[in-house]
Amino acid sequence: MSSVKDWAAPNPVTENRSGIIGKGVDRYEGKLKVTGTAAYAYEVEPPSAPAYGYLLAATIAKGRITAIDTAAAEASPGVKLVWTHLNVPRQARRGERINPRSQRPSNPALAGDRIEFFGQPVAFVAADTWENARAAANLIAVTYAAEPAVLDFRASLDQAEMPQGEEDVLIGDFEGAYAKAPAQIDETYFSPLQNHVQMEPCATTAWWEGDKVTVHTSIQMVKGGQHSLAETLAIPSEKVHLLTRYIGGGFGGKGQAYDDLVLAALGAQALGQPLKLSYTRQQMFQATIHRPAVSMRVRLGAEPDGRLNAFAVEAITHCARSAPFVEHAANFSRNLYAAPNRLTGHRLVKMDIPHAGPMRAPGEAPGMLSLECAMDELAEKLGIDPIELRLRNEPDVDPETGKPFSIRQLTECLNTGAQRFGWSRRNPKPGQVRDGRWLVGMGMAAAIRGNFLLPAKAGVRIDGTGIITLRQGMTDIGTGTYTILAQITAETMGVTMDQVKIELGDSEFPPAPGSGGQFGAATAGSAAFEANMNLRKALAELAIGDPNSPLYGGDPTYVTFGNGNIAIENRSESLATLVSRAAPEGVYVEGAISPAADARDYSQHTYGGHFAEVGVDTVTGEVRMRKMFGVFAAGRILNAKTAKSQVTGGMIWGVGAALTEGNVVDNRYGSFINQDMAGYLVPTHADIVDLDAIFLEEADDKANPMGIKGVGELGICGAGAAVANAIYNACGVRLRDFPMTPDKVLEGLMAKGL
Amino acid sequence: MRPFTYERPTDVAAAVKAVAATPGAKFLAGGTNLLDLMKLDIEQPTHLVDVNRLPLAGIEDTPQGGLRIGSMVTNSHLAADARVRSRYSVLTQAIVSGGSGQLRNKATAGGNLLQRTRCAYFYDPSKPCNKRHPGSGCSAMEGLNRNSAIFGASDACIATHPSDMAVALTALGAGVETMTADGATRSLAVADLHRLPGDTPHLETNLAAGELITAVILPPAPPGGQVYRKARDRASYAGGLASVAVVGNQVAFGAVAHKPWRAEKTEAALAGGASAVEAAHAELAGAQDNGKNGFKIALVARMTADALGQASPGRGA
Ligand SMILES: Cc1cc2nc3c(=O)[nH]c(=O)nc-3n(C[C@H](O)[C@H](O)[C@H](O)COP(=O)(O)OP(=O)(O)OC[C@H]3O[C@@H](n4cnc5c(N)ncnc54)[C@H](O)[C@@H]3O)c2cc1C
Ligand code: SF4
């Protein structure tokens, strides 16, 4: 295993001779997407005319199917098959595995008469058209025996348990130090259940050739999807060819396979015909995963100068009874501020609603809404500027583990942000700045999000025309993965972008873990980099060993790549010339990355500072953004444009969390009240107005060979808290219940006599 | 699929006859509401009569000094019309506060008036709803009903009418012209177009089966300033939590009842010399809170007082 020290040496990416790294290069696949020619899973054309599937969803939260009558559906026009738990083909039992090294266990559909959540698929219809399948599904009569269900999170907090294997982290004597602290904050913050609301619903197009199935599906993890399907069908992994070339948003919600994948495969097999199956918009809300609601108690005990002496962040969250998942909302706080006496931990309520699961910045997104507001409350209590309060609690080493930071530029983010945003314009006293019927205020928050590197591989091939094709079982969920891999390849090989092809999303390509946890760019990118470095070596050997090459007999350590050429000083030839002559069939090599053995010796994160200015309508309680600015430090930035899109997109999620987004379970049925995008409100353009973000110069040589880190989740972390703090600064209304909708703000205004 | 037939006549009388002659037939205008509801199996027309080719897409001056707006005029055109913008700015303000640009490009004056409620339970066919299935019950009553009515609700239904345009039309005292199944023309006030839910929330308007709205008639604008104010959860593309239209001394509220709500008590109070705040409260005194929508009462009172002040800066607060 390697050491982080191996990564410190300069390399083609860190030297960046042609300047492609960091440039705001346009999207590699942008033209295909804006012209509608990028085929998403449901749109992929199968080899012959497909059948169309439709899922029927349960309408109770918990219980049993006692009868299910499909006669009318079977007789409905165009119907080819109707499956329920009584006649669905055999699948492996849930959790089973037959393939060695399988990353995911079996996940059967329609697996029994038990209903575990409202929206659970209970029947599957395939027909000649989607409309006929849907019409038939609506004719299925299901009789249920309902059972009492736990549906109300806020009313069930007292049932919260310690998650298995997750003891609280206790350092020093929190209770003692807190009791003695001259300044105390003890507040509880609530963030609601949220849905991913990807533009593209889960969808699969499947067909069989002999005993091998091809599935085009919308999933963030290629291997995970392939293995899950193979285990469920109880066939070898090689018999599943999974493709996921374009994905219309994932956000963690497509980190796993849903019933569309297995039922499309089984349906296509049973019919001997390709089959398409997708979730409806309503089923995306009801029958996939969501971010659970979080109730966070924050206790801060500080000295009069603001130094924290006692620090506790405790989260209560929920998950489905049968699918344990912890939203680690307190984890981020373990690395953020110095304080000698600490308590952090999680509690979990098991509920009878759809599965909770990861959603963009799991943990930080809801978690930072609490602590970063509590810090604002403490700053006000002590009469200290909120930025200054954070600077006074800046740790030298990781506050929990004592490990050194790989690099930590939080202070620089906050100071640069304050200056660029104009923080000095802020009146620390709330409710002082009027603009007509608006009260105007500013708020800030810190951002932190961990950085990760996972094992990955990549393959790269150069052909006789000099075209270099990188292949990887990686996904691009709309973040820009195609583009940055093309940049890394072009810069490493010394060629232009149009000499590079990127092929992703195929289970037969060298595997990468996929998109999630903001590890994608660093992980897939590093493997791609290693593959290209290996290609350089292979081409150098080829040239040096070829009597017809001008480089023949040279010293491989002096070989350089640039302008499409391979060279030793002034002896050079083009890559196309070399390959077409010396290896006309092309040269293919692979490369791999894995975490360094000593990577865990460092506390490694990405950081940022958020600054928000809002107006509060004193008549209606409506909050409108006026300006938002973020400064981030996240290693070397590969692409100025796609990286900025990621962090500003994250900041917009923060605005949504603060002002509009959330779902609520109807306690009588177990269903969500918002089931479409007219009800579940994500911010629109008009909600954002003036938004900008910058990155600080940084290279984290403990992260990976290129010194890059993830940016996909950092932008959300803390963003909503900056907005909430700005609301307080504007009008003096301190809300702790997200989202801060007009009804809540208005109540606060009226309570203040405004 | 649920089969339906389709035709696209070019003659108004033929369109009316086609709907009148076919049980379960419906007019299709912009389709931005009807098609969504068909996809959810909530609307189940047997026959669609597409009215987009009818010669009803013009805006004309009336001899009385008002405007006659063809029912097929799109919301975008109506809001942008120079006469509307200068003489009926409340209508432009109301329309552009609704939906999104794409929706307004498709939505028509007739269809906007007849759009159905946005009650979340109405949109969820797995739930009881008296409007969808008379007698099945009202899920909103004990449910998550922050957006429900504060005026004129019944034990059967607490839904609100979501149109913004209709609120401005109500404040303007506008009317609609229709053609009935027998080919006759009739007129009624926009304020009389919609019904309160009572025991029959599935009956939403006073139009007869097959009756087509052919035009919206704007009377000459009364003197005084015009203001449309809408409070909503996000800055655009969201239905109102509540809205207020003020046209001189004429006032209507939106998203507070099963129909656009003419605030007659507010108007009477204004006529009697009440201040803006007093006048606002005169109507709101009759509002009913059902536990989760109480904020609307304060919200409408504050918006009304503010909008009255903005419309007529000379008026006492
Ligand atoms: C996401 C979303 C958000 C929205 N937000 C808002 C908002 O904020 N404010 C707002 O006001 N609206 C909003 N709308 C609603 C939108 O304004 C309506 O859908 C639109 O006005 C309907 O007009 P249409 O022409 O498309 O009607 P259609 O959908 O074609 O028809 C609606 C109904 O009217 C009937 N009909 C149509 N024309 C006639 C006629 N001439 N005579 C008799 N019957 C007729 C049809 O049979 C049908 O029953 C929103 C809609 C959506 C989808
Ligand atoms: S309020 Fe009306 S529309 Fe909503 S559920 Fe009740 S009856 Fe149906």
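The values are calculated or read from the model by the stated rules, or taken from the named source; none is laboratory data. The model shown is predicted, which means the values in this text are computed figures rather than measured ones. Don't worry about glycine lacking a Cβ; one is built from the backbone with ideal geometry, like all the others, and counts go over all protein chains shown. These accessible areas exclude ligands, DNA and RNA; they are computed on the full protein's heavy atoms, side chains included. Shrake-Rupley method; radii C 1.70, N 1.55, O 1.52, S 1.80 Å.
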Taking R0 as 25 Å and r as the Cβ-Cβ distance between A:T465 and A:N11, the FRET efficiency 1/(1 + (r/R0)^6), rounded to the nearest 0.05, comes to 0.40
If you roll a 1.4 Å probe over chain A with all protein chains in place, what percent of the accessible area is carbon or sulfur? 51
Which pairs, out of A:K350/A:K403; A:K23/A:K702; A:K752/B:K127; A:K180/A:K709; A:K381/A:K702, put more than 31 Å between their alpha-carbon atoms? A:K350/A:K403; A:K752/B:K127; A:K180/A:K709; A:K381/A:K702
Residues of segment B:215-230 that become at least 30 Å² less accessible with every protein chain present than in their own chain isolated, using 1.4 Å: which are they? B:R229
Shape descriptors of segment A:346-394 over alpha-carbon atoms, Rg and Dmax in angstrom, are 15.7, 45
Tell me, what % of the accessible area of segment B:5-50 is carbon and sulfur with a 1.4 angstrom probe? 55
Given the options A:F695, A:V665, A:L681, identify the residue whose Cα lies farthest towards the positive end of the charge dipole of segment A:661-704 (+1 on Cβ of Lys, Arg; -1 on Cβ of Asp, Glu). A:V665
Taking a quarter of the surface of the convex hull around the Cα atoms of segment A:595-754, what do you get in nm²? 12.5
Over segment B:75-159, consider all pairs of different Cα atoms and compute the Kirkwood hydrodynamic radius from their mean reciprocal separation; express it in Å, one decimal. 14.9
Listed residue (A:S574, B:L218, A:G436) projecting farthest to the positive dipole end of the protein assembly as shown, Cβ model: B:L218
Rg to Rh quotient for segment B:177-218, alpha carbon positions, Kirkwood Rh: 1.00
May I have the extent of the alpha carbons of segment A:695-754 along their three principal axes, as whole Å values ordered from largest to smallest? 58, 17, 13
Where the only charges are on Cβ atoms (+1 Lys, Arg; -1 Asp, Glu), what is the dipole of segment B:5-50 about its Cα centre, to the nearest 20 debye? 80
Using the alpha carbons of the protein assembly as shown, what is the convex hull volume per residue in cubic angstrom, as a whole number? 183
Can you list the DSSP H helices in chain A whose Cα atoms extend at least 30 Å along the helix axis and whose mean Kyte-Doolittle hydropathy is -1.0 or higher? A:520-544
Restricting everything to alpha-carbon atoms, can you work out Rg to Rh for segment B:19-110 with a Kirkwood hydrodynamic radius? 1.04
Size of the A/B contact, given as accessible area buried on both chains, probe 1.4 Å, in Å²: 2800
Overall Cα dimensions of segment A:299-435, principal axis frame, Å, largest first: 51, 44, 27
Cross-link table A:K627/B:K230; A:K62/A:K276; B:K106/B:K265; A:K33/A:K80, entries beyond 27 Å C-alpha to C-alpha: A:K62/A:K276; B:K106/B:K265; A:K33/A:K80
Two pseudo-spin positions, 7 Å from Cα along C-beta at A:V169 and at A:D69, lie apart in nanometres by 5.8
Among A:698-706, B:267-275, how do they line up from the highest to the lowest mean number of other beta-carbon atoms within 10 Å? A:698-706, B:267-275
Kirkwood hydrodynamic radius over Cα pairs of segment A:541-679, then Stokes diffusion coefficient at 20 °C and 1.002 mPa s, in µm²/s: 98
At 1.002 mPa s and 20 °C, plugging the Kirkwood radius over alpha-carbon pairs of segment A:69-183 into Stokes-Einstein gives what diffusion coefficient in µm²/s? 111
What value in Å³ per residue do you get for the convex hull of the alpha-carbon atoms in segment B:5-50? 61
Averaged over the residues of A:672-682, the number of partner chain Cβ atoms within 10 Å of each residue's own Cβ comes to 4
To the nearest µm²/s, what D does Stokes-Einstein give for segment A:372-477 at 37 °C and 0.692 mPa s, using the Kirkwood radius over alpha carbon pairs as Rh? 178
Quick check: pseudo-label points 7 Å beyond the Cα along Cα→Cβ at B:Y6 and A:V689, how many nm apart are they? 4.3
Treating cross-link reach as a plain straight distance, find the lysines whose alpha-carbon is under 20 Å from the alpha-carbon of B:K131, omitting any fewer than eight places away in the same chain. B:K26, B:K39, B:K259
Would you kindly work out the equivalent ellipsoid of chain B from its C-alpha gyration tensor and give its semi-axes, the square roots of five times the eigenvalues, largest first in whole Å? 31, 25, 16
Counting only helical runs of four or more DSSP H residues, what would the 222 nm mean residue ellipticity of chain B come to if each run contributes -39,500 (n - 2.57) and the total is spread over all its residues? -7500 deg cm²/dmol
Taking a ≥ b ≥ c as the square roots of the Cα gyration tensor eigenvalues, with a/c under 1.5 meaning rounded and otherwise prolate when a/b beats b/c, else oblate, which class fits segment A:157-254? prolate
What accessible area per residue, rounded to a whole number of Å², is obtained for the protein assembly as shown using a probe radius of 1.4 Å? 37
Can you give the direction-averaged projected area of the convex hull of the alpha-carbon atoms in segment A:321-368, in nm²? 3.8
